[in-house]
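For reference, the structure discussed in these notes is given below.
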Amino acid sequence: MITLVIISALIGFASTKPCDTEGSNTELLLSLNKNLLRSLESQEGLPNPSVHLALRLSNNHNLAKESEHLNRLKNELHNDIQSSLSNSQPVTGVLALYNLALKSSCYDLNTVTFTVNERSEALLTHLKNQMELEKEHIAFSHRPLTNYYQYSLGVLALCVSGIRVNNHVTNKLIKAAEHKQFKHGESESVDTYAMAGMALQCVKDSGSHMQNAAGLDTALSKIKQKLLASHRADGHIGNEFSTGLAVQALLAMGSEVAECAASMEAMRTAARSNAYHNPMAISQTLPALQQTSYMAVKSKECLTEDNTLVLEPLDPVVVSPNQVKVNVMVEVVTSSGAAALYSVRVPKGSSLLEALELLKEENVGFTFEKESSLWGPFLSVVNGEQARQSDRRYWHLSSDDTALTEGVGDFKIEAAQRITIRNTSY
């Protein structure tokens, strides 16, 4: 996933009706909470601020493990962001999530600084600067420096931190909503509509955007209509991995029970079938199932918190000695439209990444490189050709002509199929 791709009920959330908290759902929420906590023990790469945020917004806590993860964020992630800032790389999304993660732990944001070119400035100052760069980029290129998801996340992080968002920054987001510019490739992005909805609702609640109050209301109405119109027959909004953020946004914008009950049930069904095994996916789904959203960070108080969440030992995984193998055809389509076709046999249940690793070992004509993200690894170079975010390109993955909703590390090969890897613009 290229975008961050990357959440709490309003301060006035008490005015909305709860969607469902009864019966066996409590056990399911506890299981998701434990899975998210357990992911801290097996986390590869940098600590994930979205995971921390979801843990902090939960009703159940393991305060010791959360404190350990907070320290990792303040050291490892902080240093990585500082390095990116020093190299003038855009970091709007991850900086905003870091901001939200710290605030969810009631950390004093005024004490968090980054030193760039021997000049030390507060995190919130850097985030405001990033938003100005994004705004200026929209002015001359009609799109953000990163994307509107990260732009919305930046607006939300500033707003819940009590910072007045520049009217010009907010207006860019309002206009993007009005002109349906929240897209990923050719498709409209439910994730972006949801994040923009939370960001603009927070701005509305703060009362700081009076110059264009009518435009703000219109944008919020259009966003809510788009989310409701994106409901599938099974209750999901967009797909099973965008429903969490969508429900958060609907709750934040004051939706009633009838507008979220089907989606809540769809998420619970997906959770019971282990669809949410990626920590990032759980981190966006769990707050929605607990009827909160990223906006709750604004009023978060870290007082008399539950501290009863305990992880039981896991049963050892038994690997079958006689694994069934399936055939996978892999088609690579470059930016010029040239295609190459390969074949590889892999054990049933392998991840797509494992299948590509096997193909790379067996076929001298196929190569690839990957990079890490909060959602896990993603393809950056295939057969020597790059698909870089800076060029507005990515490797689009599909199976038997159906776009994948999971990344290379999460999608499982359960049967013979044709995987297409296409260099695509967005």
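Note on the stretch 79-105: residues that are farther than 21 Å from residue 248 by Cβ and either touching a Gly at 6+ places or on another chain (Cβ under 6 Å) or part of a loop (DSSP other than H, G, I, E, B) (or both) total 5.
Against the test of being of a type outside the set (Val, Ile, Thr), part of a strand (DSSP E or B) and open to solvent by 50 Å² or more (accessible area, probe 1.4 Å), the options 331, 312, 369, 354 yield a single qualifying residue, 369.
When restricted to residues that are within 19 Å of residue 212 (Cα to Cα) and open to solvent by 60 Å² or more (accessible area, probe 1.4 Å), the stretch 133-143 contains 1.
Scanning the stretch 144-172 for residues that are over 18 Å from residue 90 (Cα atoms), open to solvent by less than 10 Å² (accessible area, probe 1.4 Å) and part of a helix (DSSP H, G or I) turns up 159, 160, 170. Can you spot a residue in the stretch 202-210 that is within 17 Å of residue 292 (Cβ to Cβ) and in a loop (DSSP other than H, G, I, E, B)? No, there is no match, as no residue in the stretch 202-210 is within 17 Å of residue 292 (Cβ to Cβ) and in a loop (DSSP other than H, G, I, E, B). When residues in the stretch 235-267 are screened for being open to solvent by 10 Å² or more (accessible area, probe 1.4 Å), out of contact with any Ser or Thr (no Cβ under 8 Å at 6 or more places or on another chain) and either under 18 Å from residue 192 (Cα atoms) or not small (Gly, Ala, Ser) (or both), 4 of them pass.
Looking only at residues of the stretch 22-43 that are assigned to a loop (DSSP other than H, G, I, E, B) and over 25 Å from residue 377 (Cβ atoms), we find that the one that is modelled with the highest pLDDT is 24. Within the stretch 29-86, the only residue that satisfies the criterion of being closer than 21 Å to residue 291 by Cα, out of contact with any Asp or Glu (no Cβ under 7 Å at 6 or more places or on another chain) and basic (Lys, Arg) is 34. For residue 307, are the conditions met, namely being in the same structural domain as residue 73 (by the TED database) and not in a helix (DSSP H, G or I)? No; evaluated as a whole, the condition is false for this residue. In the stretch 44-78, of all residues being assigned to a loop (DSSP other than H, G, I, E, B) and loosely packed, with under 14 Cβ neighbours inside 10 Å, the one that is modelled with the highest pLDDT corresponds to 45. Residues that are open to solvent by 30 Å² or more (accessible area, probe 1.4 Å), at pLDDT below 95 and at positive phi are absent from the stretch 287-299 altogether.
The values are calculated or read from the model by the stated rules, or taken from the named source; none is laboratory data. As the structure is a prediction and not an experimental result, all values here were calculated from the model. When we count neighbours, we look across all protein chains shown, and the Cβ atoms used for this are built from the backbone with ideal geometry, even at glycine. Keep in mind that these areas ignore ligands, DNA and RNA; they rest on the heavy atoms of the full protein, side chains included. Shrake-Rupley method; radii C 1.70, N 1.55, O 1.52, S 1.80 Å.
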